[in-house]
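Please read the structure below before turning to the comments.
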Amino acid sequence: MAAPAINIGMSVKDRENISKGLSRILAESFLLYMKTHNYHWNVKGPMFQTLHVMFEEQYTELWNALDEIAERIRSLGFAAPGTLKEYLRLASIKEIEGVPSAEDMIRDVLAGSEAVSRLSRDVLTLADKAGDDPTVDLLTERMQVHEKNAWMLRSLIDSDKAVAPAKAASRSAKPAAKARKK
């Protein structure tokens, strides 16, 4: 006896298009998980402790998200990709040879987080048009996580830029103070 047809208020075409997008997000997320876990193991230098802990938090969160994304694809009636070959074909995130410097690791994970966020935003638009609120909710959560991670990673390498405006303001205040004394 065949399984009953899926009747959740969405067309087969909408479910298929959303599942394809989610499959790409799953692939991007898995490759980002692998990179982040690798960097957790291999980071070294003055930021070792900070990055070791941060990478662990991020790869653990990614690992848990993989299951949610795959289960959503299955809920829509399609097979979730599950091989490295499929992930490499579907994803824009590429592997890096060797062990990069700590700052290059940060930049790489940052780029991956932003890639997942951009793709999630695109697929969210499809899901929203189809009335697929569970996928919209899932992708909203994914974007929040990846955008927060990107902000934290960016903050580790852009710290001097945040100070620059304050220094410029203090420099411009000094001539004004001297002018008032005269």
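Below, the figures for the structure above:
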{"read-out": "Label corresponding to percent of Cα pairs over 19 Å apart when calculated from the structure given, among [x] 60; [y] 63; [z] 53", "value": "[y]"}
{"read-out": "Simple Cβ-charge dipole of the stretch 12-157, Lys/Arg +1 and Asp/Glu -1, about Cα centre, in debye nearest 20", "value": "360"}
{"read-out": "Backbone HN-Hα couplings from phi across the stretch 10-15 [Karplus 6.51/-1.76/1.60, Hz, Gly and Pro as x]", "value": "10, 5, 4, 4, 4, 4"}
{"read-out": "Cα centroid of the stretch 83-130 to Cα centroid of the stretch 1-66, whole Å", "value": "9"}
{"read-out": "Backbone HN-Hα couplings from phi across the stretch 90-102 [Karplus 6.51/-1.76/1.60, Hz, Gly and Pro as x]", "value": "7, 9, 8, 5, 10, 6, 10, 6, x, 10, x, 5, 4"}
{"read-out": "Modelled FRET efficiency - R0 25 Å, residue 47 with residue 118, Cβ distances, 0.05 increments", "value": "0.40"}
{"read-out": "With Cα atoms, 0 to 90° folded angle of helix 48-75 axis to the chain main axis", "value": "30"}
{"read-out": "Tilt relative to the chain, helix 159-181 - C-alpha long axis, 0 to 90 degrees, to 10", "value": "30"}
{"read-out": "Sequence-distant residues sharing a close amide H with residue 99 (under 5 Å, placed H)", "value": "none"}
{"read-out": "Using θ = phi - 60° and Karplus 6.51 cos²θ - 1.76 cosθ + 1.60, couplings along the stretch 83-88 (whole Hz; Gly, Pro as x)", "value": "10, 4, 4, 5, 4, 5"}
{"read-out": "Label-point gap, in nm, between residue 133 and residue 67 - each point 7 angstrom along Cα→Cβ", "value": "2.5"}
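Every number in this text was worked out from the coordinates using simple rules, so none of it is lab data. Since the model is a prediction, treat every value here as computed from it, not as a measurement. Virtual Cβ from ideal backbone geometry, glycine too; neighbours counted across all protein chains shown.
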